[in-house]
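Each remark here refers to the structure printed beneath this line.
FYI, it's all coordinate maths here, none of it is from the lab. Since the structure is predicted, the reported quantities are computational estimates derived from the model, not experimental observations. So basically every Cβ, Gly included, is an ideal-geometry build from the backbone, and we count neighbours across all protein chains shown.
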Amino acid sequence: MSTLWTPGGEVPVDDGRGQSATPPPQDPPDQVEDPLAGLSDEERAQAEELAQQLAEAREHIANTPASVVVGNHAMGLYELGAIHLSQQPPNLEESRLAIDALGALVEGLEGRLGEHEATLKDALHQIRMAFVQVSRAMEGGAEDAEYSEEGHPAASGE
């Protein structure tokens, strides 16, 4: 059993024990072959239930403002950056990629992220500052940090 994130919370989704999560394609009217042929009654019921759960989850997501879903993905990038920073030793390259992706979303979509935009901006600033602190601790100097103390990407000499 796995879960699917939705703005209303996580929704359990039966993984169908290896069955495809995609509902079977619709057959053209002239084709009579059953895509579920060969399945036991129990397997068929599981496949149909999974298809119904996926349809409900898709409808729920379709009724959710995109700003909420994008914000959730942005926080996932924040978490990814933090995870790589917290490794021993910290993985600065992987963290930098996640932080830069978060910055691209937050700064690139400024004014379009809804009521949580300020929170996302704060999160971006915090993770950039954490990156600077970890970089300094690892490398022993500010000159090698990729972000300035203000939390913006440092100018490169390239």
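For the stretch 66-144, evaluate the Debye formula with one uniform point scatterer on each Cα (no solvent term) and list log10 I(q)/I(0) at q = 0.20 Å⁻¹, rounded to two decimals.
Treating every Cα as an identical point scatterer, log10 I(q)/I(0) equals -0.80.
How do the peptides 38-46, 50-58, 67-75, 94-102 rank, highest first, by the average count of neighbouring beta carbon atoms within 10 Å per residue? Walk me through the numbers before you get to the answer.
Details: 38-46: 11.4, 50-58: 14.8, 67-75: 16.9, 94-102: 19.9.
Packing proxy ranking, top to bottom: 94-102, 67-75, 50-58, 38-46.
Give me Arg136, Arg112 ranked fewest to most by other Cβ atoms within 10 Å of their Cβ, as a rough exposure proxy. The partial results should precede the final answer.
Values: Arg136 15, Arg112 10.
Ranked by crowding around the Cβ, least crowded first: Arg112, Arg136.
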